[in-house]
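A.B. asks: Sending over a structure as structure tokens; questions will come in a sec.
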Amino acid sequence: MANDALARPACAADDWTVPQEWDRYGADEHAMWDRLFERQARLLPGRVAPAFIDGLDVLRLSKPGIPDFAELNARLMDATGWQVVAVPGLVPDDVFFDHLANRRFVAGRFIRKPDQIDYLEEPDIFHDVFGHVPLLANPVFADYMAAYGRGGQRAAGLGAIERLARIYWYTVEFGLMRGPEGLQIYGAGIVSSFSETLFALDDPSPNRIGFDLKRLMRTNYRIDDFQQSYFVIDSFEDLLRQTIETDFAPLYAELHGTPDLAVDAIEPDDRIYHRGTQHYARSRLSQTGDFHHEP
Ligand SMILES: [Fe+2]
């Protein structure tokens, strides 16, 4: 993800990338990757969109542990023309969009510590690579991500980045998809999280609502805990088609000044898959405010 008020660290190139320096990872860091990978690879089949499972093979490299981007990129480039580039942390919006539009996904280099296995404030390499890269090996999703980057560049000129970012949040990070036998997860924030994989699909608390571009662009999201609403796409093909065929400039203009929708709102036009009880969010609010977040 991106942020605007950032200064480029001295170690980074003009495009904010840094070498991954794979040789510097320790055995404990590789072991953490393997532990997280195995836990999610066991949990996800039957819950995640099949395209994600297909794409997981791209991460099964010649060495165990944290993927070496050089080897990973050779495979990803063959599949869809994408690459993964390391960055030292959050990058400005324009840098982020430029990388995406040119089929480069920015990823953090560090991996969480053992006491952060289920608690993380900033995305680490497990979230960025395990969560995002398998779908970058899918040709349709790969095109969607590049289209999003180009859309971000246009949104920047129209003062509408915040609106567009909501689409990223509710698709790329926290998206659900309709499957032949029920809902499936595909968003990176869910698939890289053991607890949100269970919550997003099984818990009665959150809303699950049919995807609608305009609706998403009006909806706030939470960065500090599980989502209170998830949005369900029909397919990656449909997501890509809507993104490419929609002229966003008039939509931004139409939405300008309209009030945002709350994270748990249900609107009269919503296609509701599940009306959430919101019991989880309410129970959290009644506690100390010490939220638990895993991106
Ligand atoms: Fe992410």
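A.B. asks: Connecting C-alpha atoms closer than 10 Å in a GNM of the chain, tell me which of Ala27, Ala146, Ala188 has the biggest fluctuation.
C.D. replies: Ala27
A.B. asks: So what's the projected area for the range 32-95, the Cα convex hull averaged over all directions, in nm²?
C.D. replies: Orientation-averaged projected area of the Cα hull: 5.8 nm².
A.B. asks: Calculate the FRET efficiency for Glu122 and Glu21 from the Cβ-Cβ distance with a Förster distance of 25 Å, rounded to the nearest 0.05.
C.D. replies: On the way: r = 19 Å, r/R0 = 0.74.
Given R0 = 25 Å and the Cβ-Cβ separation, E is 0.85.
A.B. asks: Let me ask you something else. Order Thr277, Thr219, Thr243 by their accessible area, 1.4 angstrom probe, all chains in place, largest first.
C.D. replies: Thr277, Thr243, Thr219
A.B. asks: For a test of the definition: using alpha carbon positions, the gyration tensor, and the 1.5 limit on a/c, classify the range 25-68 as rounded, prolate or oblate.
C.D. replies: In terms of gyration-tensor shape, oblate.
A.B. asks: I would also like to ask the following. Over the chain, what is the relative contact order in percent, taking alpha-carbon pairs closer than 8 angstrom and at least six residues apart? Intermediate results must be reported in sequence, preceding the final value.
C.D. replies: On the way: 474 pairs, mean separation 56.0, N = 295.
In percent, rounded to a whole number, it is 19.
A.B. asks: Skip the ligands, DNA and RNA, and give the accessible area per residue of the range 163-295 with a 1.4 Å probe, whole Å².
C.D. replies: On a per-residue basis, the range 163-295 sits at 43 Å².
A.B. asks: To continue, here is another question. For the range 209-263, what is the convex hull volume of its Cα atoms per residue in Å³?
C.D. replies: 92 Å³
A.B. asks: Scan around Gly210 for amide H atoms under 5 Å from its own, H built in the peptide plane at 1.01 Å from N, and keep only partners 5 or more places away or cross-chain.
C.D. replies: Val232, Arg271, Ile272, Tyr273
A.B. asks: For the range 60-209, report the translational diffusion coefficient in µm²/s to the nearest whole number, using Stokes-Einstein at 4 °C, 1.567 mPa s, and a Kirkwood Rh over Cα pairs.
C.D. replies: Rounded, D is 79 µm²/s.
A.B. asks: Restrict the search to the range 1-50; then list the GluC sites (Glu not before Pro) that DSSP places in a loop and that have at most 15 other Cβ atoms within 10 Å of their Cβ.
C.D. replies: Glu21
A.B. asks: Tell me, what % of the accessible area of the chain is carbon and sulfur with a 1.4 angstrom probe?
C.D. replies: Reported share for carbon and sulfur atoms: 51 percent.
A.B. asks: Pop the C-beta distance of Ala156 and Lys113 into the FRET formula with R0 = 51 Å and round what comes out to the nearest 0.05.
C.D. replies: Taking R0 as 51 Å, the efficiency between Ala156 and Lys113 is 0.90.
A.B. asks: Whose amide H sits under 5 Å from the amide H of Gly179, counting only residues 5 or more places off or on another chain, with H placed in the peptide plane?
C.D. replies: Gln184
A.B. asks: Quickly estimate the mean residue ellipticity at 222 nm for the chain, helices only: each DSSP H run with n ≥ 4 gives -39500 (n - 2.57), and the total goes over all residues, rounded to 500.
C.D. replies: Details: 13 runs with 120 residues, N = 295.
Taken over the chain, the calculation gives -11500 deg cm²/dmol.
A.B. asks: Over what distance in Å are the Cα centres of the range 211-251 and the range 104-149 separated?
C.D. replies: With the range 211-251 and the range 104-149 each reduced to a Cα centre, they are spaced 19 Å.
A.B. asks: Another question about this same structure. Between Asp224 and Asp202, what is 0.36 nm times their sequence separation minus the Cα-Cα distance? Round to one decimal in nm.
C.D. replies: 5.9 nm
A.B. asks: Pop the C-beta distance of Glu267 and Asp78 into the FRET formula with R0 = 30 Å and round what comes out to the nearest 0.05.
C.D. replies: 0.10
A.B. asks: How large is log10 I(q)/I(0) at q = 0.19 Å⁻¹ when the Debye formula is applied to the Cα atoms of the range 177-218, each weighted equally and without solvent?
C.D. replies: Scattering profile of the range 177-218, log10 relative to I(0): -0.66.
A.B. asks: Which cross-chain or sequence-distant (5 or more) residues have an amide H under 5 Å from the amide H of Thr219, H modelled 1.01 Å from N in plane?
C.D. replies: Hits under the 5 Å cutoff: Leu261.
A.B. asks: Restrict the search to the range 98-149; then list the chymotrypsin sites (Phe, Trp or Tyr not before Pro) that DSSP places in a loop and that have at most 13 other Cβ atoms within 10 Å of their Cβ.
C.D. replies: Tyr119
A.B. asks: Please compute the modelled spin-label separation between Phe194 and Glu237, points set 7 Å along Cα→Cβ, answer in nm with one decimal.
C.D. replies: 3.7 nm
A.B. asks: List the GluC sites (Glu not before Pro) within the range 139-196 that fall in a DSSP loop (any state other than H, G, I, E or B) and whose Cβ has at most 15 other Cβ atoms within 10 Å. If you can, show how the numbers build up before the last one.
C.D. replies: Working: sites: Glu162, Glu173, Glu181, Glu196; in loops: Glu181.
Answer by residue number: Glu181.
A.B. asks: Restricting things to Cα coordinates, could you compute the convex hull volume per residue of the range 182-295 in Å³? Write down the numbers at each step before the final one.
C.D. replies: Numbers: hull volume 13.9 nm³, N = 114.
It is 122 Å³ per residue.
A.B. asks: If you place +1 on the Cβ of every Lys and Arg and -1 on the Cβ of every Asp and Glu, how big does the dipole about the Cα centre of the range 54-211 come out, in debye to the nearest 20?
C.D. replies: Once rounded to the nearest 20, the dipole reads 400 debye.
The values are calculated or read from the model by the stated rules, or taken from the named source; none is laboratory data. As the structure is a computational prediction, the values presented were derived from the model and not from experiment. A quick note on method: Cβ atoms are made from the backbone with ideal geometry, for glycine too, and the neighbour counts reach across all protein chains shown. Note: areas computed on protein heavy atoms with side chains; ligands, DNA, RNA excluded. Shrake-Rupley method; radii C 1.70, N 1.55, O 1.52, S 1.80 Å.
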